[in-house]
Ligand SMILES: Cc1cc2nc3c(=O)[nH]c(=O)nc-3n(C[C@H](O)[C@H](O)[C@H](O)COP(=O)(O)O)c2cc1C
Ligand code: SF4
Ligand code: FES
């Protein structure tokens, strides 16, 4: 059956994604360390996609997916299946700040939709859109699980809490001045969380094996 | 009964995230006791405590632990479910932020008792801040010799602990989907008992696997410290110990409250400062998956597994949401349905299609297009999902809708007859005008 969504040609094989190798030496070492945590290399797929999201500038291009597949010995389709399943992998570019407003149950009754409307008005975009200057992308998300602090807005690796339609513009101003909460920073933080010793060295550690053998300290 | 800070005992101590401070307040005492005991005695201690899983289902933890084979030579994996995604719940978040060592200690104890090879903490991708505290705790525990090789001088007790971050999916909290995700796949559930062995026999990488919630591991650490019998003195006949409730919604002081099992529901509302913005209308006591309780019925409910069940709801994960009389139940259920529609993994038809139908009908009703018979239609669809889905998410999508129709049937009828909210202007949640909720369905 021809799919109407992708139009004519949907059944033809897609052109192979461009081969590109953007993982830095450091990224490769991180990936190898993380892969050593599991009995199977494939298990590093989620962390590898986080690394790719960072190395490719905040979102996953077909080339990024291909590189992950190559590095883990998986097929392109398998990795693409994973990348499209999880909402935090970006398949399109995002603004420098991705505003993810929780509109789930508690937030919804505590005024989250007013926050969304105020943001749409102030930024001149609808939910799902990105401002022309590439500063902000606005999304609605499901429960961020800090409901006691409703309304919660996630930006990068940070939760902003008790956001209301009245104070949300201050948040926008604060973010305009900041480089802290970009999609790349978020991906980087998540990669680092996998690395043993990263809380002490403040960065990547190539000494996971030493740590596990009680050699480091 | 009432507030009982057991896991939270040292929550507010300054710098309790630091291993030295944690040890000064009795930290790692449970582990030190455990490694002096026979492995089977540790499991026995958990059994004695009567602890039941705090992730939602309430399965007896001691029985789960004893399901791990004792005399095989396969690796054993210990997994912590820190994917906390149930709307209304944020207890695991606070436990990891404030008491990361309690979790780490609990997992090492399980690693000892069950001859674990390695442990994985599966943390939802959004929880970067809590995860950093866990990262720090693990790094400190390695340095102190609580992790790594020959832990605490016990020959052959080797245990490693890793963090595995999710990437945005409620379904990954379901334990078999979590296993898929940990193994690098889409977060879809796997075949379950009786069609496949229990995870404790064959879980990740075909090896025995223990999966417990964050709060469960934290409680296990406390139990080893205080003794199972002492823990079992708290709570009721069949619901032992304490439970953390995440209180949110229309209360004066929303926060996590740890109460002794069996505490009257109304007492928890009082502890949270009482209802604000109007009179109490309803409570969802255990997260979005459980049935809503009308205000009139609240005084009858105690916060333990049995009492909740007798009153037509569930204790669930402890996501305790309080709603005042400005709340429109039908709109609330529409938002609930939207959540499950969005989070359905798509593997099985009753859930994938059913959740969409529930949402569409509720959307029709709340857009003023409700038709007579819509409520029956909803009930019919729910009965086709409940018990017929591949995993618990389908059931969890049906229960709250059926529960709300039972408790607030008149509000559904009002919407259908009058095409407007029975609550009147200023109701919450608002009827979305500009926002098109379907936009959130567009793949990211
Ligand atoms: C759809 C769905 C979502 C779930 N989400 C979570 C979760 O976020 N955290 C959790 O601990 N358990 C969750 N569970 C329950 C787990 O499947 C499992 O029962 C639990 O992690 C076992 O740990 P426990 O025995 O310590 O409760 C979920 C179950 C279902 C069906
Ligand atoms: S019930 Fe079926 S479609 Fe729904 S989440 Fe579970 S497996 Fe997926
Ligand atoms: S409803 Fe917004 S954080 Fe849970």
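Quick note: the coordinates plus some simple rules give every number you see, no bench work behind them. Because the structure is a prediction, the values reported are computed rather than measured. Neighbour counts run over all protein chains shown; Cβ positions are idealised from the backbone, glycine included.
Would you work out the relative contact order for segment A:25-85, in percent, from Cα pairs under 8 angstrom that are 6 or more residues apart?
Dividing the mean separation by the residue count of segment A:25-85 yields 26 percent.
Rounded, prolate or oblate: pick one for chain A, where a ≥ b ≥ c are the square roots of the eigenvalues of its C-alpha gyration tensor, a/c under 1.5 means rounded, and failing that, prolate if a/b is larger than b/c, else oblate.
Cα axes put chain A in the oblate bin.
So what's the angle, to the nearest 10 degrees on a 0 to 90 scale, between helix B:349-364 and the longest Cα principal axis of chain B?
Rounded to the nearest ten degrees, it is 40.
Need one number: % antiparallel among DSSP beta bridges in chain B, to the nearest 5.
45 percent
Mind checking the mean number of beta-carbon atoms from other chains within 10 Å of the Cβ atoms in B:325-338?
That average works out to 2.
Helix B:329-343 versus the longest principal axis of chain B: what is the Cα-based angle in degrees, 0 to 90, to the nearest 10?
50 degrees
Based on other C-beta atoms within 10 Å, arrange A:85, A:160 from fewest to most.
Least to most surrounded, the residues fall as A:160, A:85.
So how compact is segment B:242-324: Cα radius of gyration and Dmax in angstrom?
Cα radius of gyration and Dmax of segment B:242-324 are 10.9, 31 Å respectively.
Across peptide B:77-89, how many C-beta atoms of other chains are within 10 Å of each residue C-beta, on average?
Partner-chain Cβ atoms within 10 Å, mean over residues of B:77-89: 3.
What does the structure give for B:159-171 when I average, per residue, the other chain Cβ atoms found within 10 Å of the residue Cβ?
If you average over the peptide's residues, the count of other-chain Cβ atoms is 6.
Quick one: grab the alpha carbon gyration tensor of segment A:25-85, order the square roots of its eigenvalues as a ≥ b ≥ c, and give me rounded if a/c is under 1.5, else prolate or oblate depending on whether a/b is larger than b/c.
oblate
By counting other Cβ atoms within 10 Å of each Cβ, how are B:406, B:91, A:42, B:36 ranked from fewest to most?
B:36, B:406, A:42, B:91
Nearest 10 degrees is fine. How inclined is helix B:128-143 to the longest principal axis of chain B, computing both from alpha carbons?
Computed tilt is about 10 degrees.
Calculate for chain B the 222 nm mean residue ellipticity that helices alone would give, adding -39,500 (n - 2.57) per DSSP H run of length 4 or more and normalising by residue count, nearest 500 deg cm²/dmol.
-12000 deg cm²/dmol
Tell me the label-point distance for the pair residue B:383, residue A:121, using the 7 Å Cα-to-Cβ offset, in nm and rounded to one decimal.
Simple spin-label model gives 4.7 nm for this pair.
Fewest first, what order do B:314, B:102 take by the number of other Cβ atoms within 10 Å?
Going from least to most buried by this count: B:314, B:102.
Among bridges DSSP assigns within the protein assembly as shown, what percent are antiparallel (round to 5)?
45 percent
Does the protein assembly as shown come out rounded, prolate or oblate, given a ≥ b ≥ c as the square roots of the eigenvalues of its C-alpha gyration tensor, rounded meaning a/c under 1.5 and, failing that, prolate meaning a/b above b/c?
Oblate.
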